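What follows is a set of notes on a single structure, which appears directly below.
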Amino acid sequence: MKITSTSCICPVLVCLCFVQRCYGTAHHSSIKVTRNQTKHTEGETEVHHRPKRGWVWNQFFVLEEHMGPDPQYVGKLHSNSDKGDGSVKYILTGEGAGTIFIIDDTTGDIHSTKSLDREQKTHYVLHAQAIDRRTNKPLEPESEFIIKVQDINDNAPKFTDGPYIVTVPEMSDMGTSVLQVTATDADDPTYGNSARVVYSILQGQPYFSVDPKTGVIRTALHNMDREAREHYSVVIQAKDMAGQVGGLSGSTTVNITLTDVNDNPPRFPQRHYQLYVPESAQVGSAVGKIKANDADTGSNADMTYSIINGDGVGMFSISTDKDTREGILSLKKPLNYEKKKSYTLNIEGANTHLDFRFSHLGPFKDATMLKIIVGDVDEPPLFSMPSYVMEVYENAKIGTIVGTVLAQDPDSANSLVRYFINYNSDDERFFNIDANTGTIKTTKVLDREETPWYNITVSASENDNPGLLSYVTVGIRVLDVNDNPPELAKEYDIVVCENSKPGQVIHTISATDKDDFANGPRFNFFLDEHLPMNPNFTLKDNEAAAAPSPSGFVRAREMGACGPAMQKRSCPRLV
């Protein structure tokens, strides 16, 4: 198709974008669609139309958080087919069209009617179209474009994980990393410095420092001592705009606790101690405590105690209470004030968990001297024997001395001692005791055949302290005397057959004696000599000569002292 240079030009869309930057300047930009032209020799120009989009766009921009009284101007749509006579109508559709964004359908001016927040939505996708108002036909194809919400610095940095609680060992080297904190900024990191954060320390110097770029907190001093100060409250600030004046900031608190290391040896508060222990203390019982102080805590303060020397090593032992970290002193052997009145112990307390990094601060042990004073206790009288055995003959006269017990006051006072026999209310009292001398005497005639043995309990007390008693058992054996005659074992009724032969044994007779073996058998049997003789019977000891029998009455008598071969019972026979 050929046209002259005066022919009408194909419509071209022009986009004017207006952006008000946060720094207060404004500018316009435009994009045009041009024609391809070819010149001919006849002076005519031949125009070749290339099928193209009629709308070519850059992004529109609108500032977030616009707070002005009037709608914010965004930009302008314009077609070169628009002659300004109102025949072209501009239509806007898509995200926010008609609510957030409105367009003047005659001029193509686009305005934002609401304050926008880039952190909620960064851009909007819209569609634009130019139509002939009369025919309602499109003058340009519908085209898509974007309105981008331009960021302003309206968000301060935030620490989402604070406040922080962290620990670091005491005595750490300077520059030891403690914690890395991170602040986030909701502003656009690709635009300006609104989201560029710089860290600084507001509180906590000179003990700690923070890397301005990374937020890593480090120790800033050598040899920070937990025992001098344990807790620190460090305030870290994050400021955007690269820390420049006018930037927004946020802060967080980092609570730092120094954890313990074993850098303190145990120490006894005193170089000398004194402990009183009564002589009545029981073997195996705890008699005292001692403690060394350690400024460390936990396992770093654990220690053990030991007795390293002293004259009381054999008398006392020491153990460690794991909960209280005290040394518990116990008694190994009985104390006796009258023999030894004091002892000396050298006691050592030593840490059990050593940290060799701090060995130059040692030694991690300490020693002290403990003097033990033995206390005199009023002890009960002490008998000369743990028990007594005495003997007395039966049939002894009342008041016969059986024996003597002896008790003494073990204390240095050496008080006088009194003695008593402990009787139950229903006991029959066969003995008494001299309260001053401890001599025991009979109060009744004793019969060995009734009671061969007596057990009594004797108590002793001091005159000065009658309530303090000691006891001893006394066993009294009753000795036998020959005070019982022999007796026939039973009454004998003997039957003899008339045809019995001479010399035939018709019965055997036996006798008994209540006295013990020494005063009893062997017996001598004989016929009663006061009765007339009967020639029909004779009495014969098993080991003695025969004797004529008097009318069947038999007497037995003890033979007196016999040799060992005679110490057995003899039984006579009647023949």
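Confirm whether V374 is at pLDDT 95 or above, hydrophobic (A, V, I, L, M, F, W, C) and in contact with a Pro (Cβ under 9 Å, 6 or more places away or on another chain). Even if it seems obvious, please write down each step before you answer.
Working: at pLDDT 95 or above: yes; hydrophobic (A, V, I, L, M, F, W, C): yes; in contact with a Pro (Cβ under 9 Å, 6 or more places away or on another chain): yes.
When the stated conditions are applied, V374 passes them.
So which residues in the range 176-190 are closer than 17 Å to V254 by Cα, in contact (Cβ under 8 Å) with a residue 40 or more places away in the chain and either of a type outside the set (A, V, I, L, M, F, W, C) or assigned to a loop (DSSP other than H, G, I, E, B) (or both)?
Matches in the range 176-190: T176, S177, V181, A183.
For V234, work out the one condition from (1) free of Cβ contacts under 8 Å to residues at least 24 places away in the same chain; (2) closer than 19 Å to D161 by Cα it doesn't fulfil.
Here V234 meets the rest and fails (1).
Could you list, in sequence order, the residues of the range 153-176 that are open to solvent by 30 Å² or more (accessible area, probe 1.4 Å), of a type in the set (V, I, T) and over 30 Å from E64 (Cα atoms)?
Hits for the range 153-176 are I165, T167, T176.
Can L202 be described as among the hydrophobic types (A, V, I, L, M, F, W, C) and open to solvent by 60 Å² or more (accessible area, probe 1.4 Å)?
Values: among the hydrophobic types (A, V, I, L, M, F, W, C): yes; open to solvent by 60 Å² or more (accessible area, probe 1.4 Å): yes.
Answer is yes for this residue.
Of everything in the range 470-500, what is open to solvent by 20 Å² or more (accessible area, probe 1.4 Å), among the hydrophobic types (A, V, I, L, M, F, W, C) and closer than 27 Å to E391 by Cβ? Give them in sequence order.
Of everything in the range 470-500, those that are open to solvent by 20 Å² or more (accessible area, probe 1.4 Å), among the hydrophobic types (A, V, I, L, M, F, W, C) and closer than 27 Å to E391 by Cβ turn out to be L479, V481.
Restricting the search to the range 302-314, which residues are open to solvent by 40 Å² or more (accessible area, probe 1.4 Å), in a strand (DSSP E or B) and under 30 Å from R226 (Cα atoms)?
Residues satisfying the conditions are T304, S306.
Mind checking which pairs have a first residue in the range 449-468 that is under 9 Å from P380 (Cβ atoms) and in contact (Cβ under 8 Å) with a residue 40 or more places away in the chain and a second that is open to solvent by 50 Å² or more (accessible area, probe 1.4 Å) and aromatic (F, W, Y), Cβ under 8 Å, 6 or more apart or different chains?
What qualifies is A460/F420; A460/Y471; S461/F420.
Among the residues of the range 118-148 satisfying the criterion of being closer than 28 Å to V88 by Cα and β-branched (V, I, T), which is most open to solvent (accessible area, probe 1.4 Å)? Before the answer, list the steps.
Going residue by residue through the range 118-148, those that are closer than 28 Å to V88 by Cα are 123-148.
From the residues that got through so far, the ones that are β-branched (V, I, T) too are 125, 131, 135, 146-147.
Numbers: V125: 39, I131: 11, T135: 78, I146: 53, I147: 0 Å².
Within the range 118-148, the match that is most open to solvent (accessible area, probe 1.4 Å) is T135.
What is the number of the single condition among (1) modelled with pLDDT of 75 or more; (2) open to solvent by less than 60 Å² (accessible area, probe 1.4 Å) that K540 does not meet?
(2) is the only condition that K540 fails.
How many residues does the range 270-288 hold that are open to solvent by 60 Å² or more (accessible area, probe 1.4 Å) and in a strand (DSSP E or B)?
Residues that pass the stated criteria total 4.
Working only within the range 196-211, note down all residues that are more than 14 Å from T252 (Cβ to Cβ), outside any strand (DSSP E or B) and in contact with a strand residue (DSSP E or B) (Cβ under 8 Å, 6 or more places away or on another chain).
Y207, D211
Given the conditions (1) under 28 Å from K76 (Cα atoms); (2) of a type outside the set (S, T, Y); (3) open to solvent by 30 Å² or more (accessible area, probe 1.4 Å), report the number of the one that L179 does not fulfil.
Going through (1) under 28 Å from K76 (Cα atoms); (2) of a type outside the set (S, T, Y); (3) open to solvent by 30 Å² or more (accessible area, probe 1.4 Å) one by one, L179 breaks only (1).
Could you tell me which numbered condition N193 fails, if it satisfies all but one of (1) in contact (Cβ under 8 Å) with a residue 12 or more places away in the chain; (2) among the polar types (S, T, N, Q); (3) surrounded by 13 or more Cβ atoms within 10 Å (Cβ to Cβ); (4) in a strand (DSSP E or B)?
(4)
Would you confirm, using the coordinates I've provided, whether P521 is over 60 Å from the mean Cα position of the chain (by Cα), surrounded by 17 or more Cβ atoms within 10 Å (Cβ to Cβ) and modelled with pLDDT under 75?
On the way: over 60 Å from the mean Cα position of the chain (by Cα): yes; surrounded by 17 or more Cβ atoms within 10 Å (Cβ to Cβ): yes; modelled with pLDDT under 75: yes.
Here the answer is yes, as P521 does meet what is asked.
Does the range 289-301 include one or more residues that are surrounded by fewer than 19 Cβ atoms within 10 Å (Cβ to Cβ), small (G, A, S), over 23 Å from the mean Cα position of the chain (by Cα) and in a loop (DSSP other than H, G, I, E, B)?
No.
Here is a yes/no grid of residues against (1) part of a loop (DSSP other than H, G, I, E, B); (2) of a type in the set (K, R); (3) surrounded by 15 or more Cβ atoms within 10 Å (Cβ to Cβ):
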position: M390; (1), (2), (3): no, no, yes
position: D411; (1), (2), (3): yes, no, yes
position: S415; (1), (2), (3): yes, no, yes
position: R418; (1), (2), (3): no, yes, yes
position: R429; (1), (2), (3): yes, yes, no
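The values are calculated or read from the model by the stated rules, or taken from the named source; none is laboratory data. Predicted, not measured: the structure shown is a model, and the values here were computed from it. Reconstructed Cβ throughout: ideal geometry from the backbone, glycine too, with neighbour counts over all protein chains shown. Heads up: the accessible areas ignore ligands, DNA and RNA and are worked out on the full protein's heavy atoms, side chains in. Shrake-Rupley method; radii C 1.70, N 1.55, O 1.52, S 1.80 Å.
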